[in-house]
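All remarks here apply to the structure that follows.
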Amino acid sequence: MVSEQPEERLVADVLVIGGGPAGAWAAWSAASHGARTVLADKGYLGTSGATAPGGTGFLYVEPDKEKREKAVADRLKSGGYLSEEPWIYRLMEQAYLNIQLVEQWGYRFPLDENGNLYKAHMQGPEYMELMRRVVKKAGVTILDQHPALELLTDEHGVGGARGVNRLSGKSWEVRAHSVILATGGCAFLSKGLGCNVQTGDGQLMAAELGVEMSGMEFSRQYATTAAFGTVTRNRVLGFASFYDEAGNVIHEGGPRQDHFFAVHLHKGPVYAMLTHGNTPEKQAIIRASTPLWFVPFDRAGIDPFTQKFPIKMRYEGTIRGTGGIRLVGDYCSTTVPGLFAAGDAASREKTAGARSGGGAYNASWAIASGTWSGKGAAEHALAHGKSADHRDLRPAGRYGLRHTAESAESIPVREVVKAVQNEMFPLGINYFRSEPIIAASLERLHKQWPLVRGGVGSSATARVQAREAAAMVVNARWMYSAALIRKETRGMHTMAEYPELDEAMSSRLLLSGIGDIRHRWEDVPRSYGSITPAVVVKERQSV
Amino acid sequence: MIELVSTDRCIGCNLCVKVCPTNVFDKTEAAPVIARQEDCQTCFICEAYCPVDALYVSPYSDEQVEVDEAALAEQGVLGSWRATLGWGPGRTKLAAIDQTPFINRILPARPVRAAGVSDVRSPATG
């Protein structure tokens, strides 16, 4: 089938795909560096992504030599020595500078007990509503509800993207010399808070242009919620005691052992109660710091301070894992000219290594990588004499699209998604990784692959969901392929047969290919000579 | 999951159609309809944006439940998340009264985990 001619067409210098924090910072940065910028999001810039619904902590370290040196040392260690010192310093500095901008733009940070502004945490809805205004004011054209389906390319590299407007059903095309993929990680529609927009679309689009993935084995990440709900904020559970089905106490509060949730939930139901929130003062503080966490309980008629509630773990894939699109340049470029990646779509190994820890590292990475990629993309695009409209571009998508279907039979989207979830969600497969179990699971996942080469319906929903299904199958296959190749335990990746860290594997694992997946190892750069300076954009006015 | 678009309260601004990150609503001649409930990710953000408190997201993410609009209104549930966020005229923004600086002091610190050490013992290996 010939690909359809798009009904909406725009030409720009930089196209940002994705409207979470990384996409917002990328679009602001690109526009601030003089590029005509379009941001296209699957959902809505302001509500999309894992940050928007709830509160988010930030890696926020004052420019104090000692504090920052300690933060870098902690990170190198916890990241399994796959991160790079200069990148961690740069991340801290960039996030620090940009959070001052957020304050100038009007975000009301609270005061701590010493009367100082506390800037290491933001409420997602307000942060992202503010970022939307900032992006608009910078002159960016925002296309909400415009999921991208495939990139455009020619012999010079990437040249834009095509997609569908989910509200009108019309196809769109944006031509641009630079494209920033800020589409997020991949959590396979697990319904972890705000995670369902992120289905690994950008990773598939990048791979179709030959870009490698890095660190896909670092994807063994779950978060705990009430069993009936979606709000993943583990911090509150620091106040909880835990019980088994019979009501026996299995943990009385305070720091938990590693694997605590997984070990016990793997055995059977686990219940929690916030027994350490035992004074009205403490309860008020907990509620006012993580108010969304309490919304499901209030609505379900459960008082979590005095009543037990069942918990479960929701998979967070590469949203809180660290694997993704391999970056090669200081400004988040990839191996394809004009193609950049930011946020959770990109591999975060340069700053986080093999473990991201909580959301704070990723939240600051979104700020920093967005800002860097925006600068890189603007400079790349503005170096071209002519507009991208003059290029002889062709669509690069190969899987899960109407024009690439190889059989008349429709892709059974729901069945494929369910089959992938059955391999990715169970703790017995993905959390307690062991060679035979992962290998058998990967075989089953490979069998799903031919199915996403089938036909696709004409509605916007059908087109988007078919493409998402293809992206999820390939992300799952990458994750388990990488897990089997890394025969050791490092950071968040574990393998039962190889329970120790293997010094010989202190390298990054790169995957290429979609149908056939190949791999190679890449040394972690160890030259600690110079640190690329942070990007400074002079802005004074509030928005 | 989203369970209610109150046709009594809705003013037809279609903001929920525009802001839903997973495209759950469809625009109609009158109030928007919940067209793809199974795609709702239970993130509650549509409620935050609705200017007339016409939406209700149930806490149950994986099962459909019956809701009683009159009871929800009477209990003050409709619009409660928007009110907590401090969105809407005359309200104090949640950010300004965020208690996170204090929760961090009453919570035990999370230890830094050494590479590949703390994750060694899984049930599979004993």
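No lab work stands behind these numbers, since they all come straight from the coordinates. This structure is a prediction, so every number in the text was calculated from the model and none was measured. Cβ atoms come from the backbone with ideal geometry, glycine included; neighbour counts cover every protein chain shown.
Each of the peptides A:422-428, A:265-271 was scored by the mean count of other Cβ atoms within 10 Å over its residues; in descending order, highest first, they stand as A:422-428, A:265-271.
With contacts taken as Cα pairs under 8 Å and at least 6 residues apart, the stretch A:6-53 reaches a relative contact order of 43 percent. Other residues whose C-beta falls under 11 angstrom from the C-beta of residue A:504 contribute a net charge of -2, scoring Lys and Arg +1 and Asp and Glu -1. Annotation: amide H of residue A:184 within the under-5 Å range of A:344, A:345, sequence separation 5 or more or interchain, hydrogens built in the peptide plane. A cut-off of 5 Å between modelled amide H atoms, ignoring neighbours fewer than 5 places along the same chain, links residue A:251 with A:242. The helix-based estimate of mean residue ellipticity at 222 nm for chain A, built from -39,500 (n - 2.57) per DSSP H run of four or more residues and divided by its residue count, is -10500 deg cm²/dmol to the nearest 500. The mean count of C-beta atoms from other chains within 10 Å of the C-beta of residues in A:283-290, rounded to a whole number, is 5. Figure legend: label point modelled 7 angstrom from the Cα of residue B:29 along Cα→Cβ; no residues of the stretch B:1-15 have amide N under 13 Å from it. Residues A:330, A:303 in ascending order of nearby Cβ atoms (within 10 Å, fewest first): A:303, A:330.
Net charge of the neighbourhood of residue A:50, taken over other residues with C-beta under 13 Å away and scored Lys/Arg +1, Asp/Glu -1, is +2.
For residue A:384 and residue B:75, the FRET efficiency from 1/(1 + (r/R0)^6), where r spans their Cβ atoms and R0 equals 35 Å, is about 0.05.
Any idea what the relative contact order of the stretch A:404-502 is, in percent, if you count C-alpha pairs under 8 Å spaced at least 6 apart? Relative contact order, the stretch A:404-502: 35 percent. Report ³J(HN,Hα) in whole Hz for each residue of the stretch A:301-315, in order, from the Karplus equation J = 6.51 cos²θ - 1.76 cosθ + 1.60 where θ = phi - 60°; Gly and Pro get x. Taking θ as phi minus 60°, the curve returns x, 10, 9, x, 7, 10, 10, 6, 9, x, 10, 8, 10, 10, 6 Hz for the stretch A:301-315.
For the stretch B:94-104, backbone phi angles converted through the Karplus equation (6.51, -1.76, 1.60; θ = phi - 60°) give residue-by-residue couplings of 4, 3, 5, 10, 3, 9, 4, x, 8, 4, 5 Hz, Gly and Pro being listed as x. Between residue A:260 and residue B:64, the FRET efficiency from the beta-carbon distance, with R0 = 35 Å, is close to 0.60.
Projecting the Cα atoms of A:413, A:302, A:360 onto the charge dipole of the protein assembly as shown, computed from C-beta unit charges around the Cα centre, puts A:360 farthest toward the positive end. Apply 1/(1 + (r/R0)^6) to the Cβ-Cβ distance of residue A:303 and residue A:246, taking R0 = 30 Å, and write down the FRET efficiency to the nearest 0.05. It comes to 0.85.
Across the stretch B:32-48, coupling constants 3J(HN,Hα) worked out from phi with the 6.51/-1.76/1.60 Karplus curve, θ = phi - 60°, read x, 10, 7, 8, 9, 4, 5, 8, 5, 9, 6, 9, 6, 6, 4, 4, 4 Hz, and Gly and Pro carry x. Counting other Cβ atoms within 10 Å of each Cβ, which GluC sites (Glu not before Pro) in the stretch A:138-215 have at most 16 and sit in a DSSP loop? When the GluC sites (Glu not before Pro) of the stretch A:138-215 are filtered for loop state and at most 16 Cβ neighbours within 10 Å, A:155 remain. A cut-off of 5 Å between modelled amide H atoms, ignoring neighbours fewer than 5 places along the same chain, links residue B:35 with B:25, B:26.
For the stretch A:404-502, the equivalent ellipsoid built from the Cα gyration tensor has semi-axes of 31, 11, 11 Å, listed from largest to smallest. Inter-label distance, residue A:117 to residue A:284: 2.6 nm, where each label sits 7 Å from its Cα along the C-beta direction. The relative contact order of the stretch A:222-315, computed from alpha carbon pairs under 8 Å that lie at least 6 residues apart in sequence, is 40 percent. Taking a span of 27 Å or more along the helix axis (Cα atoms) and a mean Kyte-Doolittle hydropathy of at least 0.0 as the rule, the DSSP H helices of chain A that qualify are A:460-485. When the trypsin sites (Lys or Arg not before Pro) in the stretch A:104-199 are filtered for DSSP coil states and for at most 15 other beta-carbon atoms within 10 Å of their beta-carbon, the remaining sites are A:170.
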